[in-house]
Every structure is written in structure tokens, then in C-alpha cells.
Amino acid sequence: METREYIESGILELYVYGLLSEPENEAVTNMAKNNPEINTEIIAIEKAIVALSSSFSPFHSVANYEKIKAKLELKHAKVIELEPASNWSQYIGWAAAVLLLVGIGYQYNQLDQTNLQVANTEIEKAKLEKEFNVLKLQNTANKTSLAVVRDTKNTVVALGGQAVAPESFAKVYWNQNSKTVYIDAAGLPEPPTGMVYQVWALKLNPLTPTSIGLLEDFNVNEQKLFAMSNANEAEAFGITLEPTGGSLTPTMEQLYTLGKV
């Protein structure tokens, strides 16, 4: 607190009137010793009080005072010292208020931490659920692949690489009873952007190609196992690379694999 604010707070008047507690008196005394401006103000207050008292009190000489004293039989009596009022209740109140604020702050912090933990738990739960669903789909795909490979009713047709991609290969799993066809395209390279593999069922005499489907979403199909339409009376199978959406007839220059039943 600045000196001027301290003077104008009214504490110096209470000090002069003797209305402060002992610790407060000591504090003002120390301030007066270290601050000439405060000491000067205390002296000014004392002079003002003396002047005000003199203006209202009648003048009595020393002789008159002695006569009055004799008539009243005034004697020197023991001065009873009064203990300053204790401020413990005030201090306890402030301490309780501080503890209350600390408690509220602690509870708020705990609530914030709890909310954060709940949010993190929800995020972790959603993450685990997503991973579980992915694993579930992968497991289903694995079971499907295994069932296709193990089905003894399937006719397996190996498709070998052609001039455009000699290293390519694929397999056809054809169940003529259920009319289902699966293409194992793990031996094909990923198609360029804007292109898609197209599967053809072939009749050889005369050569008649019939599209039985596209190997769509090739890049995201981890098993590289694709279900196709019914192959009818196919005598051979071929796979060509075509523009997205497929073609009405196979582009023979882009024939990747071919195999006879």
C-alpha cells in the first residue's frame, strides 16, 4: 500500500485514539519510525485532537485544580490495564474462507481431471471398437478364403501370365453346382489409377468372351479374393486391364492372365 493510501485509510486516527489492537499498534509504530511522512501525520492528528479538546474544555488554573481535587478526595489509584480485544475470531474466519476457496479449487480440479479421463476413455473405447471391427472383417475374409480354397467341389483353374505381364498369375475357383466363381488375384500387380481388372469367361470355338465382373477396390482388398458372376459354360478364363468401369469387349493388348478349364 502506498504511503498516501495508508494515511487516508483512517488507521492513523484509530492509532491516536488508541482503538487498535496491540499488533496493529506495533505495525503503525514501526511505520512511523521508518516513514517521516506517516510520523508527521500522527503528530498532526495528535495536535488537532488537543486543540479540539481545549476549545470545548473550560480553563482551570493549578490552584483551582488542587481545590477540586481536594473536594473530590481524589487519590492515586492503581491503573487497571485492559487487555486488547482478541482478533482470533477474525483470523479464524479468514482462514476458514481461504480453506473453503482451496477446497473448491481442489474439487474443481478433480472434476476437470475426471472429465478428461472420461473423454480419454471414450476415445480409447471408440478406437478399440474400430480395431475390433477391422479384425472381425479380416477374420470373416480369412474364413471365406479358407472355405473357397478347401471346397472340394470347386474347379480350380490356373491363369498364367501373358506377354504384357509374364510374371503375373491368378486362380479361378469355380463351383459349377452353386454357380459361384471366386478369383484369387494375389499374383496381379496393382492397377494404375483410372484402370481396373476385368474378368472374362471364354467360349473357345468360336472365341466368345463374356464379362463376369470387375476386380474393384483392388488396393483395399487385402485378401485379393473377389466374387464374380456365374461363368455359365466357360471353357477358359482371362483377365485384362481396362479403363475404370470396364469394357464391352476385352482389350487383348492388355491381357494379363489366361487359363483353360
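No lab work stands behind these numbers, since they all come straight from the coordinates. These numbers come from a predicted model, not from an experiment. Every residue, glycine as well, gets a Cβ built from its backbone with ideal geometry; the counts of neighbours run over all protein chains shown.
A compact table of results
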{"quantity": "Rh (Kirkwood; distinct C-alpha pairs) - the stretch 206-253, Å", "calculated": "12.3"}
{"quantity": "Dipole magnitude of the stretch 170-255 about its Cα centre (Cβ charges: Lys, Arg +1; Asp, Glu -1), debye to nearest 20", "calculated": "240"}
{"quantity": "Stretch gain in nm, segment Met252-Glu233, where the contour uses 0.36 nm per residue and the Cα spacing is subtracted", "calculated": "4.7 nm"}
{"quantity": "Extension gain from Glu24 to Gln176, taking 0.36 nm per residue of separation minus the Cα-Cα distance", "calculated": "44.1 nm"}
{"quantity": "Sites matching trypsin sites (Lys or Arg not before Pro) across the stretch 148-197 that sit in DSSP coil, with at most 16 neighbouring C-beta atoms within 10 Å", "calculated": "Lys153, Lys179"}
{"quantity": "Rotationally averaged projected area of the stretch 159-222 (alpha carbon convex hull; nm²)", "calculated": "5.5"}
{"quantity": "Overall Cα dimensions of the stretch 111-261 - principal axes, largest extent first, Å", "calculated": "79, 36, 26"}
{"quantity": "Listed pairs Lys127/Lys153; Lys130/Lys260; Lys224/Lys260; Lys130/Lys224 exceeding 31 Å between Cα atoms", "calculated": "Lys127/Lys153; Lys130/Lys260"}
{"quantity": "Protection-proxy order for peptides 2-12, 112-122, each taking the mean of Cβ atoms within 10 Å per residue, highest first", "calculated": "2-12, 112-122"}
{"quantity": "Of Tyr197, Ser178, Val164, farthest towards positive along the dipole that unit charges on Lys, Arg, Asp, Glu beta carbons give the stretch 150-261", "calculated": "Ser178"}
